[in-house]
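For reference, the structure is listed below as structure tokens.
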Amino acid sequence: GQQLNQSPQSMFIQEGEDVSMNCTSSSIFNTWLWYKQDPGEGPVLLIALYKAGELTSNGRLTAQFGITRKDSFLNISASIPSDVGIYFCAGQLSSAAGNKLTFGGGTRVLVKP
Amino acid sequence: NAGVTQTPKFQVLKTGQSMTLQCAQDMNHNSMYWYRQDPGMGLRLIYYSASEGTTDKGEVPNGYNVSRLNKREFSLRLESAAPSQTSVYFCASQGQGAGGNYGYTFGSGTRLTVV
């Protein structure tokens, strides 16, 4: 089946730093989504991308839908402590069978000690 | 608040026991999904229901059954729990939000341990 490779698996941030993570796929998607999960909670949608090449921002977050439709990246600018959590990319390929999402393995964002 | 409600939040089962995880959404969404989350593996789709009255297998359906009771409710059943089913289970629903957003709304999860 489809697989999403998300990197890095984890990263340490210092307040004020910019961070970046990305996802690549062996297959194309029609939609790319980025989610954030806080401890003990379900993932929450951050950004949705619907067109190849699309660049979308949501506050300090910026994400792009790769031109090949097989990749996406998420940037967080000027990170703050509450950015800590797990970030997931997800690809969606709509079909008559439904709009299932395939998730990457997640990027765990931690604060530098 | 509107959203996806899962019960129970925590559960410990003995191997071989059965249980049903409940999920309900009040957003009038057509599609509902069950995922499991294991460390380092992201979320994997167990079963989904594209609309009321239909259910389909996802990536990891073995050992599970589902019921789409009505438009609001989608339950996941473990007939004979195994330690490999220890995981965090998330229910999600999907609809079209503001600006054409097709993202999922997730519940807060059920943490299941099978001993």
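Worth pointing out:
- Among the candidates B:Ser75, B:Ser31, B:Ser87, residue that is within 10 Å of the chain's Cα centre (by Cα) and surrounded by 16 or more Cβ atoms within 10 Å (Cβ to Cβ): B:Ser75
- Taken residue by residue, segment B:16-25 has at least one member that is without any contact (Cβ under 8 Å) to a residue 60 or more places away in the chain and either within 13 Å of chain A (Cβ to nearest Cβ) or surrounded by fewer than 19 Cβ atoms within 10 Å (Cβ to Cβ) (or both).
- In the set (1) farther than 24 Å from B:Tyr35 by Cα; (2) away from chain B (no Cβ under 14 Å); (3) part of a loop (DSSP other than H, G, I, E, B), the condition left unmet by A:Asn75 is number (3).
- Residue in segment B:36-47 that is over 13 Å from the mean Cα position of the chain (by Cα), buried (at least 16 other Cβ atoms within 10 Å of the Cβ), under 22 Å from A:Trp34 (Cα atoms) and free of Cβ contacts under 8 Å to residues at least 40 places away in the same chain present: yes
- Tally, over segment B:28-49, of residues that are of a type in the set (Gly, Ala, Ser) and in contact with an Asp or Glu (Cβ under 8 Å, 6 or more places away or on another chain): 1
- Scan of segment A:27-51 for residues that are in a loop (DSSP other than H, G, I, E, B) and either under 30 Å from B:Pro8 (Cβ atoms) or touching a residue at least 60 places away in the same chain (Cβ under 8 Å) (or both), ordered by number: A:Ser27, A:Ile28, A:Phe29, A:Asn30, A:Asp38, A:Pro39, A:Gly40, A:Glu41, A:Gly42, A:Pro43
- Some residue of segment B:60-83 being of a type in the set (Asp, Glu), assigned to a strand (DSSP E or B) and touching a Phe, Trp or Tyr at 6+ places or on another chain (Cβ under 7 Å): no
- Selected residue [at the interface with chain B (Cβ under 10 Å from one of its Cβ atoms), of a type outside the set (A, V, I, L, M, F, W, C) and not in a loop (DSSP other than H, G, I, E, B)] from A:Thr102, A:Thr62, A:Thr24, A:Thr56: A:Thr102
- Here A:Glu54 meets each of (1) touching a Cys at 6+ places or on another chain (Cβ under 7 Å); (2) of a type in the set (D, E, K, R); (3) without any contact (Cβ under 8 Å) to a residue 24 or more places away in the chain with one exception, condition (1).
Values quoted throughout were computed directly from the atomic coordinates according to the rules given, and no laboratory measurement underlies them. Bear in mind the structure is a predicted one, so any value in this text is a computation, not a measurement. Cβ sites come from the backbone with ideal geometry, for glycine too, and all protein chains shown count toward neighbours.
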